[in-house]
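Trainee: This is the structure I have questions about; it appears just below.
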Amino acid sequence: MINLTSSLKRHERRAKLPMAPIHLIRRIVQRPASSYRKPMLDQPDEIHALFQGAPQTTEFKKLRKRIVRYTREAIEQYGMVPPEAHDAGATKPKWLVCLSGGKDSYTLLAVLHELQWRGLLPVDILACNLDQGQPGFPATVLPAFLEKMGVPHRIEYQDTYSIVMDKVPEGRTFCALCSRLRRGNLYRIAREEGCSAVVLGHHRDDILETFFMNLFHGGRLATMPPKLVNEEGDLFVFRPLAHVAEVDCEKFAAAMNYPIIPCDLCGSQDGLQRQQVKAILDGWERNSPGRRQVMFRALMNARPSHLLDPKLFDFTGLSLKT
């Protein structure tokens, strides 16, 4: 038997609920269908090929969710996607996502496709590998992988290795020159492909190590920014993995069984300043777990008034209250 009294009371309570502001209602109605979040499902017909065969363990699901969350956080926090790109019918930016074959760039490629599939990243993605002619580089690995995954890509061959070997004296590391030549080629490719940004796979630990390298060897407080404009002023450089830990990239790429290409093919990795700094940070992390993340947070909490650079803070303009 229906209780009319209780039914009327429920109706009265609902009637007293405040209406949502009209601008919020309008925003919900006008929101494009592509912007609604999709769940992390792993049915073969509902996910990108990059995630097919993903482990179904709770540990991996937490890892994947954490990487996606931190990547999205960096993209939004540093304004890597213009607000108008989310509008229905808007022209999407095009990103040149650089793929070296290492754990970091594989993780970057996968998580960007995850965000794109879920309607959270309204950009077109073009993967790019620059084969620099290093001896022993497995030139067929990445093209075969990208074809299999159905990822739009461009493979570029430029023998910068021979140029570096010719220009750098024996016994000296040639990472700096190699990096400049690689960057120049990537900028050129981005322009040719109509991309607005070159997207790199540097993660939290890379950024932290660069900070200490500049501190110890360069005498300045600086690191890799998550977003910058190139010297010519016509391209962005993005680092969406800026908040992601290296160990998470390593675990993710290993769990997905991506075909990793070693980063020491040029033979110029041993004894580098970065390796020394990395060893120091590893020691601090072993003695005080979580130290890396604390130091990384400090990079987002700078106080110019408590440093010594008069270009950042007007110390001469300080005065006492009268």
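Trainee: In the list 272, 241, 215, 228, which residue meets the criterion of being out of contact with any strand residue (DSSP E or B) (no Cβ under 8 Å at 6 or more places or on another chain) and closer than 30 Å to residue 122 by Cβ?
Mentor: Values: 272 fails: closer than 30 Å to residue 122 by Cβ; 215 fails: closer than 30 Å to residue 122 by Cβ; 228 fails: out of contact with any strand residue (DSSP E or B) (no Cβ under 8 Å at 6 or more places or on another chain).
Sole residue among the options that is out of contact with any strand residue (DSSP E or B) (no Cβ under 8 Å at 6 or more places or on another chain) and closer than 30 Å to residue 122 by Cβ: 241.
Trainee: Right, here's the next one. When only residues in the range 98-120 that are touching a strand residue (DSSP E or B) at 6+ places or on another chain (Cβ under 9 Å) and of a type outside the set (S, T, N, Q) count, which is farthest from residue 185 (Cα to Cα)?
Mentor: The extreme case among them is 113.
Trainee: Same structure again: Would you mention how many residues in the range 197-218 are touching a Leu at 6+ places or on another chain (Cβ under 6 Å) and assigned to a strand (DSSP E or B)?
Mentor: 1
Trainee: Hand me the list of helices (runs of 4 or more DSSP H) wholly inside the range 219-304 holding 3 or more residues that are more than 30 Å from residue 139 (Cα to Cα).
Mentor: Working: elements: 246-256, 273-287, 291-299.
Helices (runs of 4 or more DSSP H) meeting the threshold: 273-287, 291-299.
Trainee: Being in contact (Cβ under 8 Å) with a residue 12 or more places away in the chain and farther than 21 Å from residue 68 by Cβ is the filter; apply it to the range 223-236 and report the residue that is surrounded by the most Cβ atoms within 10 Å (Cβ to Cβ).
Mentor: Here is the first cut: in the range 223-236, the ones in contact (Cβ under 8 Å) with a residue 12 or more places away in the chain are 223-227, 230, 232, 234-236.
Now restrict to residues that are farther than 21 Å from residue 68 by Cβ: 223-225, 230, 232, 234-236.
On the way: 223: 20, 224: 18, 225: 14, 230: 16, 232: 8, 234: 11, 235: 18, 236: 18.
That would be 223.
Trainee: Turning to a different aspect of this structure: The conditions are (1) modelled with pLDDT under 95; (2) on the phi < 0 side of the Ramachandran plot; (3) out of contact with any strand residue (DSSP E or B) (no Cβ under 7 Å at 6 or more places or on another chain); (4) not in a helix (DSSP H, G or I), and residue 139 fails exactly one of them. Which is it?
Mentor: Only one criterion in (1) modelled with pLDDT under 95; (2) on the phi < 0 side of the Ramachandran plot; (3) out of contact with any strand residue (DSSP E or B) (no Cβ under 7 Å at 6 or more places or on another chain); (4) not in a helix (DSSP H, G or I) is unmet by residue 139, namely (3).
Trainee: Could you tell me whether any residue of the range 75-91 is surrounded by 13 or more Cβ atoms within 10 Å (Cβ to Cβ), within 23 Å of the chain's Cα centre (by Cα), within 30 Å of residue 241 (Cα to Cα) and modelled with pLDDT under 50?
Mentor: Within the range 75-91, not a single residue is surrounded by 13 or more Cβ atoms within 10 Å (Cβ to Cβ), within 23 Å of the chain's Cα centre (by Cα), within 30 Å of residue 241 (Cα to Cα) and modelled with pLDDT under 50.
Trainee: Return the pair list, or none, for Cβ contacts closer than 7 Å from residues in the range 279-303 that are touching a residue at least 24 places away in the same chain (Cβ under 8 Å) to residues that are of a type outside the set (A, V, I, L, M, F, W, C), at least 6 apart or on different chains.
Mentor: 281/209; 281/292; 292/205; 292/285; 296/204; 299/223
Trainee: From the list 239, 274, pick out the single residue that is within 18 Å of residue 201 (Cβ to Cβ), of a type in the set (D, E, K, R), modelled with pLDDT under 95 and surrounded by 11 or more Cβ atoms within 10 Å (Cβ to Cβ).
Mentor: 274
Trainee: I've got another one for you. Considering each residue of the range 196-220, count those that are over 17 Å from the mean Cα position of the chain (by Cα) and either within 13 Å of residue 98 (Cα to Cα) or surrounded by 14 or more Cβ atoms within 10 Å (Cβ to Cβ) (or both), and give that number. Walk me through it before giving the result.
Mentor: Start the filter on the range 196-220 by keeping residues that are over 17 Å from the mean Cα position of the chain (by Cα), which leaves 211-220.
Imposing the further condition that a residue be either within 13 Å of residue 98 (Cα to Cα) or surrounded by 14 or more Cβ atoms within 10 Å (Cβ to Cβ) (or both) reduces the set to 211-215.
Number satisfying all stated conditions: 5.
Trainee: Right, here's the next one. Quickly run through the range 292-322 and pick out the residues that are modelled with pLDDT under 95 and polar (S, T, N, Q).
Mentor: Listed by number, the list holds a single entry, 322.
Trainee: Return the pair list, or none, for Cβ contacts closer than 9 Å from residues in the range 141-161 that are without any contact (Cβ under 8 Å) to a residue 24 or more places away in the chain to residues that are of a type in the set (A, V, I, L, M) and surrounded by 12 or more Cβ atoms within 10 Å (Cβ to Cβ), at least 6 apart or on different chains.
Mentor: 143/155
Trainee: Where the second residue is buried (at least 16 other Cβ atoms within 10 Å of the Cβ) and basic (Lys, Arg) and the first is without any contact (Cβ under 8 Å) to a residue 24 or more places away in the chain and lies in the range 251-262, which pairs have Cβ atoms under 8 Å and are six or more apart or on separate chains?
Mentor: none
Trainee: Could you count how many residues in the range 148-195 are surrounded by 15 or more Cβ atoms within 10 Å (Cβ to Cβ) and of a type in the set (Ser, Thr, Tyr)?
Mentor: Qualifying residue count for the region: 4.
Trainee: Condition (residue is on the phi > 0 side of the Ramachandran plot and either loosely packed, with under 14 Cβ neighbours inside 10 Å or not acidic (Asp, Glu) (or both)) applied to the range 98-113: is it met by at least one residue? Step through it out loud before you land on a result.
Mentor: First pass over the range 98-113, keeping only residues on the phi > 0 side of the Ramachandran plot: 101.
When the remaining residues are screened for being either loosely packed, with under 14 Cβ neighbours inside 10 Å or not acidic (Asp, Glu) (or both), the result is 101.
Yes, the range 98-113 contains a residue that is on the phi > 0 side of the Ramachandran plot and either loosely packed, with under 14 Cβ neighbours inside 10 Å or not acidic (Asp, Glu) (or both).
Trainee: Could you give every pair whose Cβ atoms fall below 9 Å, whose first residue belongs to the range 75-94 and is in a loop (DSSP other than H, G, I, E, B), and whose second residue is among the acidic types (Asp, Glu), counting only separations of at least 6 or pairs across chains?
Mentor: 90/84; 91/84; 92/124; 93/124
Trainee: Considering the range 242-271 alone, what residues qualify as being among the hydroxyl-bearing types (Ser, Thr, Tyr) and modelled with pLDDT under 95?
Mentor: Of everything in the range 242-271, just one residue is among the hydroxyl-bearing types (Ser, Thr, Tyr) and modelled with pLDDT under 95, namely 268.
The values are calculated or read from the model by the stated rules, or taken from the named source; none is laboratory data. Because the structure is a prediction, the values reported are computed rather than measured. All Cβ positions, glycine included, derive from the backbone under ideal geometry; neighbour counts span all protein chains shown.
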